[in-house]
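Comments concern the structure below.
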Amino acid sequence: MSTDNKFSRRHLMQVSAAIAASSSLSPFELIFKSVLDGLVAKAYAQSLGVTARNYVFLQLPGAPPRWTWCPLTPFDDEGAIAKHATVGTRFINSSTIEYKTININGINMPWMWQFDVARAGGGTRPMRELMDDILFLRGVDCGNSSHDGARELQFLPAGARASLTALSADHNSNPIPHINMRTVGSAWKSQRTKSRTNLSLTNNAYRNLLDPFMVTTPDSFTNNKNKIDQAIKNSMQSLYEASSTQHPGFDPIISSQKDALELMRRTYNNLDTEFNNTVAKYRDIINRSRVGDSNLPYLTDSRAGTFRTSYNSKGFSNLDKYFAVIEYLLVNGYSSSVAVGLRGLENFDEHTVPGTNSLFVNTMLNRVVAACILELKTVLSSKGLWGETLINYSGEFGRYPNPDGQPGTQHRSKSGTISLISGALKGREVVGNTLRSSAHGDRADNTDKAGNNIGALGMGHLSNTIASLLRTEPAVTAVSSLVKEVNGQFESILPPGRLK
C-alpha cells in the first residue's frame, strides 16, 4: 500500500501516554486502542450531533457523456432540444440512435432508467429506486476544459478552504481520514493537517488497508485467537475507563464498543473470507446487470445489432473490489471519506467514438454502477448509515458532439453534470437550467425559489452544496449552497431545471 501517512511510533507513544494512568497495555493492545479511540470519538460526536457525514466520490476519469444517465429534458418535451446523431439514449437500428425518455414520477428520465438491475442474492430490483435519494445538478460550469485542470477543480474548487474529500475527514475522528483508490488528478487539502492513504487493490485490499495496524511477533500473535481476544478485552476495558472519565455521558454510546470489538475480531480472523465474499457479491451484481447479459427493448434487442456480443466479454476493472472496500470502510467506521476512479470497458475520453458505441458502453456502465450503489444503500440502511452517507458520481466536465456528423464528442466545461446521492436528500430533484439550443446541456442562468438571481452554476456551488450535506462549514465564501434542510432532509433552493 502506498500511503501519505503510516501508523507512526509518535502516535503510538501519544496513545500510550494518554491511557497510562488507567492501565498498562501491551504494544498489541495499544494498536487496538488507537483504532478504538477513533471509533468511540466518532460515536461520541454523533451523540452530540456534530459529526460530518461520510463522503464517497465515484470519479469518471475522461468524462464520458452523461445523457444516458442524467436527463436533458427533465420537465420539457424531449423534442425541445436540438437533435444530434451522437446524442441518444436508445437504438433505432444498429447504426442510428435517438434521444428518448421515459416519465418516472413526473421526470423525463433517459430510456434505461425504466429497467431493472440485479439484486444481491438473486432476483432484480427497479433501477428507479435510486431516484428516491438523488439530486441531479445540470449545466454546471466546471471551470476548465482540460482534463488535468478540471480534475483538480473536481477535488479542490477555486478558492476552497479544503478539498471536497477532506471536508468529512477534517470533521471526523476515523482511524484513516481518507482512502484514495486510483483516482486521476486528485488534489488534497486538509484544514486540520490530516492525510490521505492510497490503497492498493492487489491481493486482499482489506489486508492492504489495515497494514499500518498489523504486527508480527515470534509467537504469531495475530494468528492466535485466544491472545487476540484477551488483548481486545483488556484494551476495551481501558477504553471504557478512560472515556468515562474524559467524556461525561459516555454510557449512552457504550454500545459502540460492541461494534468495535466485533470489528477487531473480524480484522484478524476473517479478513480473507470477508473480502472474497463481498467482492463475489458485487461481481455477481455486476455480471447480472450488464447490458450484454440482458434483454432490454431498444438497448439490447435486435435493434442494437452486434453490440451485445462485441462488448459481452469486456469487464469493469476492479469495480467489484471498489464497492467491497467502500462497504467495509463505512460499515466498520475505518474512514469517512473515500474516492475511487472508475475504469473499464473503453477510454471514456470519447473524441472519435461513434454515438452507437458510446450509447451501449455508457448504458452498461451506468447500469452496473447503479446496481452497486443500490446494494451499498441496502447494506448501509441496515446499519443506519444511509442517511449519514453522501455519494458524488461525476466526470470532470461535460461533452458536446462533433459537428457535421463526425463521430465522437469533445470537452465542454459549461455542461457539467453531477449526481449527488444520499439518504439525507428529499430525493428526485433535477435542478440547473440549460440552453434550449444545446443538444448536450449547456449552462443557463438560474433564479432560486425566493426569486434571487443565482446565475450559472459553478464548482463553488457544488462545493458548498456538498459541505451543507456533509454538515461542515462552507468551503467557498463567494457563493451559496444549493440545498437547505427542511424537516430533517435536504432539498434544493432551486426550482426544477428547465430549458431556456
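At a probe radius of 1.4 Å, what is the per-residue accessible area of K449, in Å² to the nearest 10?
120 Å²
Given points 7 Å out from each Cα along the Cα-Cβ axis, report the Q114 to Q406 separation in nanometres with one decimal.
3.5 nm
How charged is the neighbourhood of S145? Take every other residue with its Cβ under 9 Å from the Cβ of S145, and add Lys/Arg as +1 and Asp/Glu as -1.
Net local charge, S145 excluded: +2.
Just need log10 I(q)/I(0) for segment 276-416 at q = 0.11, 0.12, 0.17 Å⁻¹, Debye formula, equal scatterers on the alpha-carbon atoms, no solvent, rounded to two decimals.
Listed by q, the Debye log ratios stand at -0.49, -0.58, -1.03.
Quick query: amide H of R399 versus all other amide H atoms, modeled in the peptide plane; which residues come in under 5 Å with a sequence gap of 5 or more or a different chain?
So R399 has HN proximity to R66, R412.
Taking R0 as 45 Å, what FRET efficiency do you get between R207 and N452 from their Cβ-Cβ distance, rounded to the nearest 0.05?
Rounded to the nearest 0.05, the efficiency is 0.30.
Taking a probe of 1.4 angstrom, what is the accessible area of E129 in Å², to the nearest 10?
Accessible area of E129: about 50 Å².
Please compute the per residue accessible area over segment 281-375 with all protein chains in place, 1.4 Å probe, rounded to a whole number of Å².
28 Å²
By how many nm would the segment from V184 to S302 grow when fully extended, if each residue of separation counts as 0.36 nm and the alpha-carbon distance is taken off?
Extending this stretch completely gives an extra 38.8 nm.
Once phi is turned into θ = phi - 60°, what whole-Hz ³J(HN,Hα) does the Karplus curve with 6.51, -1.76 and 1.60 give for every residue of segment 271-278, x standing for Gly and Pro?
Couplings: 4, 5, 5, 5, 5, 4, 5, 5 Hz.
Once the piece of chain linking K484 and N277 is laid out straight, how much longer is it, given 0.36 nm per residue of separation minus the C-alpha distance between them?
70.6 nm
Length gain on complete extension for the stretch N93 to K500, per 0.36 nm per residue less the alpha carbon to alpha carbon distance?
Extra length from N93 to K500 when fully extended: 143.4 nm.
Any idea which of S382, V325, T363 is furthest toward the positive side of the dipole for segment 315-386, if Lys and Arg beta-carbons carry +1 and Asp and Glu beta-carbons -1?
Towards the positive end, the residue furthest out is S382.
Enumerate the amide H contacts of G62 below 5 Å, restricted to partners 5 or more residues apart or on another chain; note that Pro and chain-start residues carry no placed amide H.
So G62 has HN proximity to E396.
How much net charge surrounds I104 when only the other residues with a Cβ under 10 Å from the Cβ of I104 are counted, with Lys and Arg +1 and Asp and Glu -1?
Numbers: positive: R128, R428; negative: none.
That sum, taken over residues with Cβ under 10 Å, equals +2.
Under 5 Å between amide hydrogens, which residues at least 5 positions from S337 or on another chain qualify, with H placed 1.01 Å from N in the peptide plane?
Y55, I179
Might you work out the accessible area of D133 for me, using a 1.4 Å probe with all protein chains in place, and round it to the nearest 10 Å²?
Solvent-accessible area, nearest 10 Å²: 20 Å².
Over 5 Å intervals from 0, what percent of Cα-Cα pairs in segment 143-202 sits in each interval?
4, 19, 26, 23, 16, 9, 3, 0
Mind checking the dipole of segment 53-169: about its Cα centre, +1 per Lys or Arg Cβ, -1 per Asp or Glu Cβ, Debye to the nearest 20?
So the magnitude is around 220 debye.
The values are calculated or read from the model by the stated rules, or taken from the named source; none is laboratory data. The structure displayed is predicted, hence computed values, not measured ones. Reconstructed Cβ throughout: ideal geometry from the backbone, glycine too, with neighbour counts over all protein chains shown. Just the protein is used for accessible areas: all its heavy atoms, side chains included, with ligands, DNA and RNA removed. Shrake-Rupley method; radii C 1.70, N 1.55, O 1.52, S 1.80 Å.
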